[in-house]
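See structure below.
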Amino acid sequence: MNKTIRDLSDICKEHRFDEKLLFVPSYAVGHQIGESLARAGHAWINLRPTTVSGYAQGLVGIDLARDGIRLIDSRERLMIVEEIFRRDKELNRPGSYFAGADEIPGILKCLGGSIHELRMEGFEPEDLDPSCFIVPGKGEALRRLLSGYEKFLTENGLIDRAGLIDAARRVLKEGKVTSSPRIVMVLSDLPLSGIEKDLVRLAGGDDLIVIGHEPVRGLRCPKRFSGAPGTGISKPRPVRSDIELLPFLFEPEEAPPPVKDNSVSLFHALGESNEVREVLRRVLASGTPLDDVEIVLTKSEPYAHLLYEITRSLEVPATFSGGVPITYTRPGKGLILYLQWQSEDFPEKHLMRLFGGGYLDIGSIEDKEKRPSPARIASMLREAGIGWGRDRYEPRLNALKASYLTMAEQKRRDGEEEKALFFEELASRLDGVVQYFRKLFDTISFRSPVENTTLQNVYRGAMDFVDGFCRVAGELDAAARGAILDALGSMGRSTSATEPAGDVCARLIKTIHEMTVGGSNPKPGHMHVSHYRSFGYTGRRNLFLIGLDQAGFPGPLLQDPILLDRERQNLGHGLLLSGDRMDEDLYTMAKALSSLPGCVTLSFSCRDLREDREMFPSALLLGVYRLISGKREGDYSDLKKYLGKPSGFTSGSTPLNDWEWWLAQKEGYGRSSVFAAYPDLKSGTLAEEERDKEAMSEYDGWIRSSEGILDPLREGVDLSCSRLESLAKCPFAYFIHHVLNVEPLEEMEKEMLRWLEPLQKGELLHEVFHRFMAELVEKGDRPSYKKHLKRLQAIAMEAVERWKAEIPPAGDFAFEREKEEILLTLEIFLKDEEERCKEAEPLHLEISFDEKIGLGEKKGFTLRGRIDRVDRVREHEYEVWDYKTGSSYGFREEGYLDKCRHLQHALYGLAAELILRRKDKKARVVRSGYFFPSPKGEGLRIVKPQVEREKVYRALGDLFELLRTGVFPASCDKDPCGICDYTVICGGKDIAVPRSKRKLEKDRKMAALERVMNHA
Ligand code: SF4
């Protein structure tokens, strides 16, 4: 039993039935003190632990409520300071000391902290003498801010913690309290600000009892503490256990020799995660009941996260005094995604995560029968190609519905009734989804993150979201939901500021990230996790103090960024200096270590695994080492030797899970055992080994089983030009895309400079050219720049507006820029067509075909496609043209087939001839080519005379051989790799291309590809 508990038990015994008030740092500590008294067999009837704020509230709470004054919390306080700062023109005037502070992350938060600290020490604005500051302007600005803050509170009927304590002091001073407890006590190690100390003194009067704590040798009692230990420090006496040496941590020369009973242990580990795992291994190995274990953190991050994740995955029950990050709960994580979604202009990716991660409750989609699963909604969002932008959701979802219905019609026409019903079903389910999105968007009051909105609007929307859309499953989720609603409610009440919506969301995300939930007192059957500033009261006998690296404890000696030490000294009033804070931390730690029962293990991480650098132990650990080793002069190198090998990913005898067990096996388990347990790993290794060989195998794209199946000369197999060209570019990519039908998951990114995707723009322009030329053909007219430009533009603008409604642009700039480009394209198109149509007659437009193309002697194959234009140039002589709306990059005037990568002109020529001959038996396509009417294509026409038919048949024969034999090697040059979606599968151009080249030289199966590449 430590001195605090001993002293309290004496008082409880002496004043058994009197009301006894005890000031404690938190109600959790008060609870633990009560438990410790009970465990030690002492009654504590009528002992009432309270915090200073709790006591003050008890004194003045009713009066404040009667006067309509509301207490604000620390979040609201910060918001008010920020708002006052932003609103005050003088504070933001160029030249003012803090001008521009709101642009620097964290500075306003520090300012908020300084204002609070000044008030807790009893400073009034007039106490801030500018001459006390190194730069007087800083003092003036702080005085102005403090005065503005106080005025804001008064005008808005608010009170902060300092105001509350001050009000309570006034009540006591004026003697307005009718009844007060006979015994008032305060823990001697309770750090109190100036006004808190005053209140406690007023509450206790001359009879205030300061409850002592275990003597701490070699350290001064910190100035904010209520008192030094009650009794003097006794002379050292022989110790019975090493844990009794810890009071000598800061006075090692006085320490008795060690007993070496292992009651104090040290270890180090490779990374924080292994440190936590080692603690759990030791707990499990020792068989200690979990409710006799306390893990004390020197820093919350990353240890609280790690402990929560690891104990949860191992199903080890644990309580966390500080709670767990709220982002571990569905409402917490869901709200973060919801805010990110808004702040980044509604990209579908965040919404997909909200649905895919199960954070949303979709119960509000009324028709239960037609309610899609969240995963299905996520995939619908992907399919709809929304990308971003609030205004794009509904049109894109409607377009998706239309496409489902078109698919249904098509399937019905093809006699596939089941599939037709499937698509109709999807279409009908989309109605509920659209309704759901409408409701979701109703929670958001702005259309874009750059729009100004009030903070209240954002908070209210976030509350509606958490309340109406977030899934809650379990106690922690319910607690998180309640905590978020409380926080948002109170934050929303004290602000009327207006800011760009995206900035408000981003700040709110930070606030949510800082929130924790589920803080708990120690519970039976659970290990307890606490922080070093509040440990030592649970009475648990097995303690682990973790995170004792140099940066972790006591941390660097840093000055406050707003109030420097010199300024604090000048201002007086007991403001803490940087050294005082460190003294407080050291003393708190030393005091708690001095009174531990049982045994303690201290540890640190000796390696930062993310940055791969060494980390060093805290001086405290060196001090403990000196005590327990008896080597009073020992240094860090001795400590390192003493610690031995750090704990890593493997354990000695107590693996925590299966992979720890596997890693710990030293003999008899090697590659073959790993392969036996993980067959995918085996397959992957085998695949890599095969790919490195000279011969081609199924791991390089030789699909023996497909031999003959994909032969284009078989009935039922049809091809398009683009497919054949992609086969020629890279057979392996062709196999992945067109045979296995693997498509990359694409996330559309918001493009501020672009409205339409290149393919979409191409579709729009093709539609415009077609409508325009069709009108002329019908009238028997020829294109004229002067006569027809307006009509062409009108057709285009009608299409542009229609597309805009379906795919809203990211912004005006992107839209105007693209529109400008479209208008320029029209001009290039019309000028060129005017000249061209003087010698050629546009005859057929957009002919979709499905033709059997004969290959000389051999059977033919079925080719599908759509020809943009067929023009008559002379009797029986025709030209075939394809509009290319991008740049002409990759197209060359010289050559004919370009390694079979440009076949369209030749194949469309063949197909057009077949179609034309149905009416004109002597029809002959004499030329075929590509027209680039965009500004990037500069109106270029690349013409290919159609005279090399034999060459085309040979090229097709070689391409078909690849398909027939099932040989799909990767490309032998890097040209196609630049815009390939499958680099992650083939290994990328630097791996796949050299391998393929090597095999080309050695393996005859690759001969067809070699020939394909030789068709220039
Ligand atoms: S990256 Fe190159 S080699 Fe690999 S699949 Fe794509 S095109 Fe073929």
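The values are calculated or read from the model by the stated rules, or taken from the named source; none is laboratory data. All values derive from a computational prediction rather than experimental measurement. Note that we place each Cβ from the backbone using ideal geometry, even for glycine, and neighbour counts take in every protein chain shown. The protein model used for the area step is the full one, side chains on, heavy atoms only, and it has no ligands, DNA or RNA in it. Shrake-Rupley method; radii C 1.70, N 1.55, O 1.52, S 1.80 Å.
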### Message
Taking θ = phi - 60°, what integer Hz values does the Karplus form 6.51 cos²θ - 1.76 cosθ + 1.60 yield along region 294-299, in sequence order, with x for Gly and Pro?
### Response
10, 10, 10, 9, 8, 8
### Query
Given the chain, what percent of its DSSP beta bridges are antiparallel, to the nearest 5?
40 percent
### Query
Size of the dipole of region 893-1016 about the Cα centre, Lys and Arg at +1 and Asp and Glu at -1 on the beta carbon, nothing else charged, in debye to 20?
500 debye
### Query
Roughly how many whole Å is it from the C-alpha centroid of region 114-170 to that of region 187-210?
22 Å
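Restricting attention to region 584-684, which trypsin sites (Lys or Arg not before Pro) occupy a DSSP loop and are surrounded by at most 15 other Cβ atoms within 10 Å?
On the way: sites: 591, 607, 610, 613, 626, 631, 632, 640, 641, 666, 671, 682; in loops: 610, 631, 632, 666.
Here the trypsin sites (Lys or Arg not before Pro) that fit, given the DSSP loop and packing criteria, are 610, 631, 632, 666.
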#### Entry: In nm, spacing of pseudo-spin labels at residue 657 and residue 533 (7 Å Cα→C-beta vector)
3.2 nm
### Rounded accessible area of residue 178 (nearest 10 Å², 1.4 Å probe)
140 Å²
### With DNA, RNA and ligands ignored, accessible area of residue 844 (1.4 Å probe; Å², nearest 10)
70 Å²
### Query
Given R₀ = 51 Å, FRET efficiency for residue 178-residue 103 by Cβ-Cβ distance, to 0.05?
0.45
### Message
Once you place label points 7 Å from the Cα toward the Cβ at residue 26 and residue 559, how far apart are they in nm?
### Response
3.2 nm
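Note down the net charge around residue 708, summing +1 for each Lys or Arg and -1 for each Asp or Glu among other residues with Cβ under 12 Å from its Cβ.
Working: positive: 704, 714, 964; negative: 707, 711, 961.
Neighbourhood net charge equals 0.
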### Task
Using the Karplus curve 6.51 cos²θ - 1.76 cosθ + 1.60 with θ = phi - 60°, work out ³J(HN,Hα) for each residue of region 73-88 in order, rounded to whole Hz, and write x for Gly and Pro.
9, 5, 5, 5, 4, 5, 4, 5, 4, 4, 5, 4, 4, 5, 7, 7
### Message
As a test of the definition: which semi-axes, in Å, follow for the chain when you take the square root of five times each eigenvalue of its alpha carbon gyration tensor? Largest first, please.
### Response
74, 38, 25
## Note on the structure
Any residue on another chain or 5+ positions along whose placed amide H is under 5 Å from the amide H of residue 843 is listed here as 870, 871, 872
### Message
Expected output is a single nm value to one decimal: the length gained when fully extending between residue 398 and residue 13, i.e. 0.36 nm times separation in residues minus the C-alpha distance. What is it?
### Response
130.9 nm
### region 73-167, Rg to Rh (Cα coordinates; Rh as Kirkwood inverse mean 1/r)
0.94
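Output the direction-averaged projected area (hull surface divided by four) of the convex hull of the alpha-carbon atoms of region 890-1016, in nm². All intermediate terms of the calculation are to be shown ahead of the outcome.
Working: hull surface 40.0 nm².
Reported value for the Cα convex hull: 10.0 nm².
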### Summary
Here the gain from full extension of residue 917 to residue 570, 0.36 nm per residue of separation minus their alpha-carbon distance, amounts to 114.8 nm
### Summary
Rounded to two decimals, the Debye log10 I(q)/I(0) of region 895-934 (Cα scatterers, no solvent) at q = 0.14, 0.15, 0.18, 0.26 Å⁻¹ is -0.38, -0.43, -0.58, -0.87
### Task
Choose one of 159, 172, 104: the residue whose Cα lies farthest towards the positive end of the charge dipole of region 99-208 (beta-carbon charges +1 Lys, Arg; -1 Asp, Glu; about the Cα centre).
172
### Message
What do you get for GluC sites (Glu not before Pro) in region 891-988 restricted to DSSP loop and a cutoff of at most 11 other Cβ within 10 Å of the site's Cβ?
### Response
893, 894, 938
### Query
Bin by bin, in steps of 10 Å, what percent of the Cα pairs in region 591-729 do you find, going until the bin that has the longest distance?
8, 18, 19, 16, 12, 11, 8, 6, 2, 0
### Task
Using just the helices of the chain, give the 222 nm mean residue ellipticity in deg cm²/dmol: DSSP H runs with n ≥ 4 each add -39,500 (n - 2.57), and the total is spread over all residues, rounded to 500.
-15000 deg cm²/dmol
### Task
For every other residue with a beta carbon closer than 15 angstrom to the beta carbon of residue 176, add +1 if it is Lys or Arg and -1 if Asp or Glu, then tell me the sum.
0
### Cα centroid of region 623-646 to Cα centroid of region 776-841, whole Å
82 Å
### Query
Looking at region 716-821, which GluC sites (Glu not before Pro) are DSSP coil and have at most 14 other C-beta atoms within 10 Å of their C-beta?
746, 747, 749
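Hey, what does the equivalent ellipsoid look like for region 481-620, semi-axes from the Cα gyration tensor as sqrt of 5 times each eigenvalue, largest first, whole Å? Working shown, then result.
Values: eigenvalues 214, 126, 73 Å².
Semi-axes from the Cα gyration tensor: 33, 25, 19 Å.
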### Summary
Counting only backbone N atoms under 12 Å from a point 7 Å out along Cα-to-Cβ of residue 506, the residues of region 532-568 in range are none
### Query
Net charge near residue 625, counting Lys/Arg +1 and Asp/Glu -1 over other residues with Cβ under 14 Å of its Cβ?
+2
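Give the accessible surface of region 486-528 per residue, rounded to a whole number of Å², with probe radius 1.4 Å and ligands, DNA and RNA excluded.
On a per-residue basis, 41 Å².
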### Message
As I understand it, the value is the acute angle between the Cα axis of helix 417-442 and the longest principal axis of the Cα atoms of the chain; what does it come to in degrees, rounded to 10?
### Response
40 degrees
### Message
Quick check for you: which residues of region 424-444 have the amide N under 13 Å from the point 7 Å beyond the Cα of residue 467 toward its beta carbon?
### Response
443
### Task
Sort out for me the Cα centre separation of region 963-1013 from region 391-428, rounded to whole Å.
38 Å
### Nitroxide proxy distance, nm - points 7 Å out along Cα→Cβ at residue 45 and residue 366
6.3 nm
### Task
Name the long-range amide H neighbours of residue 519: under 5 Å, sequence gap of 5 or more, or other chain; modelled H, no Pro or chain starts.
323, 324
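Report the gain in length on full extension from residue 582 to residue 127: 0.36 nm times residue separation, minus Cα-Cα distance, nm rounded to one decimal. Don't skip to the answer; put the middle values down first.
Numbers: separation 455, 0.36 × 455 = 163.80 nm, distance 2.65 nm.
Length gained, residue 582 through residue 127: 161.1 nm.
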### Query
With every protein chain in place, what's the accessible area of residue 661 (1.4 Å probe, Å², nearest 10)?
100 Å²
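Using a 10 Å cut-off on Cβ atoms, rank the peptides 427-439, 123-135 from the highest mean neighbour count down.
Highest-to-lowest ranking by the protection proxy: 427-439, 123-135.
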### Task
Set the Förster distance to 35 Å, then compute FRET efficiency between residue 520 and residue 375 from the Cβ-Cβ distance, nearest 0.05.
0.55
